[in-house]
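So the structure is just underneath, and the comments pick up after that.
The values are calculated or read from the model by the stated rules, or taken from the named source; none is laboratory data. Every value quoted in this text rests on a predicted model; they were computed, and no experiment measured them. Cβ placement follows ideal geometry from the backbone for every residue including glycine, while neighbour counts extend to all protein chains displayed. The area values use the complete protein model at the heavy-atom level, side chains included, leaving out ligands, DNA and RNA. Shrake-Rupley method; radii C 1.70, N 1.55, O 1.52, S 1.80 Å.
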Amino acid sequence: MNRPPLSFRPIFRSAAAIALVIGLSMSATAQDMAPEFGAEPASPMAGMFSNLNPANWKMPNFKSMLPGQEEKARIVEKKDGLFAEVKKSASTSWAKTKEVFNPQKLNPVNFFPASSRTESIDEEPKPGFFRSLFTPAPAQEPQTETVQDFLKQSRPN
């Protein structure tokens, strides 16, 4: 069998594909390629060629790409320029700085909540650091080891 060299095989394949496309395009008539507006094409090949014809192209609907009414309502205010944005940021920062260093708020009594400043009446005060170092630890209650010891304990009211 006489085969062409390997380098020519893709050329023959592409030439065969081109010949097939030309043959199919010749079989489609001019009336198939330009059907009446809204009419169905006669064959699938005519439908393919009618889609390729720029006269049959439809203008896309760009309204779907635009923001909807709910998105327009979400955009409340126009974005200010860079200078206005920096000015607003600096003024809020300065207001917060003045609030932090307000001398009326620098009273150390205000740093702790009221619940930590007032001692409850029913609890005995806890000893300070040095007093807890030098006072002996309170005696611990004996632990119950058996069920009988547990049942012998006094009951709460």
#### Entry: Given (1) open to solvent by 100 Å² or more (accessible area, probe 1.4 Å); (2) under 51 Å from the mean Cα position of the chain (by Cα); (3) modelled with pLDDT of 75 or more, index of the condition residue 147 fails
(2)
### Task
Mind listing just one residue for me: the one in the range 41-64 that is assigned to a loop (DSSP other than H, G, I, E, B) and in contact with a helix residue (DSSP H, G or I) (Cβ under 8 Å, 6 or more places away or on another chain) and, of those, modelled with the lowest pLDDT?
41
### Query
Given the residues 84, 73, 114, which is the only one that is open to solvent by less than 100 Å² (accessible area, probe 1.4 Å), more than 30 Å from residue 46 (Cα to Cα), modelled with pLDDT of 80 or more and of a type outside the set (Val, Ile, Thr)?
84
